[in-house]
1. For residue 73, work out the one condition from (1) of a type in the set (Lys, Arg); (2) exposed (fewer than 13 other Cβ atoms within 10 Å of the Cβ); (3) assigned to a strand (DSSP E or B) it doesn't fulfil.
2. Which residue pairs have Cβ atoms under 7 Å apart, sit 6 or more places apart or on different chains, and have a first residue in the range 18-43 that is closer than 18 Å to residue 78 by Cβ and a second that is of a type in the set (Asp, Glu) and surrounded by fewer than 10 Cβ atoms within 10 Å (Cβ to Cβ)?
Amino acid sequence: MGDIDEASDSSNLAPMAKYYFDVIVGGETELDEHGLELSRFEDVRREAGRILTDIAKFEISNADELMVEVSVRESEGSVVYYGDLSFRTHVCAGTAKPNPETGMSASEQSARL
């Protein structure tokens, strides 16, 4: 009854470290002023990936080209992880460029007539 359950013994857990996830979108940097305490480096990688995809989901609909970067630093300021995600669209050769007003190519527009 007086024994401590090993599963609840906090000495078995890795020490928490604070990481700051600075975000760069289109060359503009937003510094993380709050940070996030994580005990495993795998969680740092996972959080960086989550940030990249969340921002891309929001920003990609407004851009033909997008570069999102995450630079992760420790409390002391040293960068310990970096990730980036890029997106670029191209009109393929032989494909008519869409009309910006309708979003359709000239052949699509004439097919509708």
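We did not get these values from a lab; they are worked out from the coordinates using the rules stated. If you're wondering where the values come from, they're calculated on a predicted model, not measured in any experiment. Please note: Cβ atoms are built from the backbone with ideal geometry, for glycine as well, and neighbour counts cover all protein chains shown.
1. Tallying (1) of a type in the set (Lys, Arg); (2) exposed (fewer than 13 other Cβ atoms within 10 Å of the Cβ); (3) assigned to a strand (DSSP E or B), residue 73 fails exactly one: (2).
2. Close Cβ pairs (under 7 Å, with a partner that is of a type in the set (Asp, Glu) and surrounded by fewer than 10 Cβ atoms within 10 Å (Cβ to Cβ)) do not exist here.
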